[in-house]
Amino acid sequence: MAQNEVLEFEEYVRTRQDALLRSARRLVPDPVDAQDLLQTALVRTYRRWELIADKRLADAYLRRVMINTRTEWWRSRKLQEVPTEELPEPAITDGTEQHADRALLMDALKVLAPKQRSVVVLRHWEQMSTEETAAALGMSAGTVKSTLHRALARLRQELESRELESRAPEREEQERCAA
């Protein structure tokens, strides 16, 4: 790779690193895995940097590499994971309601299939259009729309069931106090 290409890639990483790490963090729940995902995607992108004709599309290319890498990881770990009836409590790093909501949503995203999670992340967090999402994921716009619809319905159902579960102890306490 030519020296100017190397410098161009280094400048790209320096300016876009934070945004790309946020994208990676939305694709995988663990912050350490998100950093690994980003580094792996950057290495893979670096090897093909000179083949990217329009560098303005580098973000989309890199996001696609992250999604493909995450899918590879998920497939390789799929057989090693054991499903469980209980979901872990969401990690809340501080007391603000916004962070608690974000943690709850990040935890709820785990119930989605990788394809559904990718569509939700690109459409709602990355604010990509339906067409941009379709291009990034290699699917039709109609498939993006239907996948997004099913994913949001599943998330809604998951969040509602969690809300009901969290209210159950309150109701029991009220009934005990009334008796």
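For residues in the range 27-50 being open to solvent by 50 Å² or more (accessible area, probe 1.4 Å) and touching a residue at least 24 places away in the same chain (Cβ under 8 Å), which is nearest to M128 (Cα to Cα)?
Checked the range 27-50; the qualifying residue nearest to M128 (Cα to Cα) is P29.
Can you tell me which residues in the range 114-167 are touching a Ser or Thr at 6+ places or on another chain (Cβ under 8 Å), within 24 Å of L21 (Cβ to Cβ) and of a type in the set (K, R)? Listed by number, the residues that qualify are K115, R123. Selection of the range 113-127 for residues being surrounded by 17 or more Cβ atoms within 10 Å (Cβ to Cβ) and farther than 15 Å from A24 by Cα yields only Q116.
The values are calculated or read from the model by the stated rules, or taken from the named source; none is laboratory data. All values derive from a computational prediction rather than experimental measurement. In this analysis, Cβ positions are derived from the backbone assuming ideal geometry, glycine residues included, and neighbour counts consider all displayed protein chains. These accessible areas exclude ligands, DNA and RNA; they are computed on the full protein's heavy atoms, side chains included. Shrake-Rupley method; radii C 1.70, N 1.55, O 1.52, S 1.80 Å.
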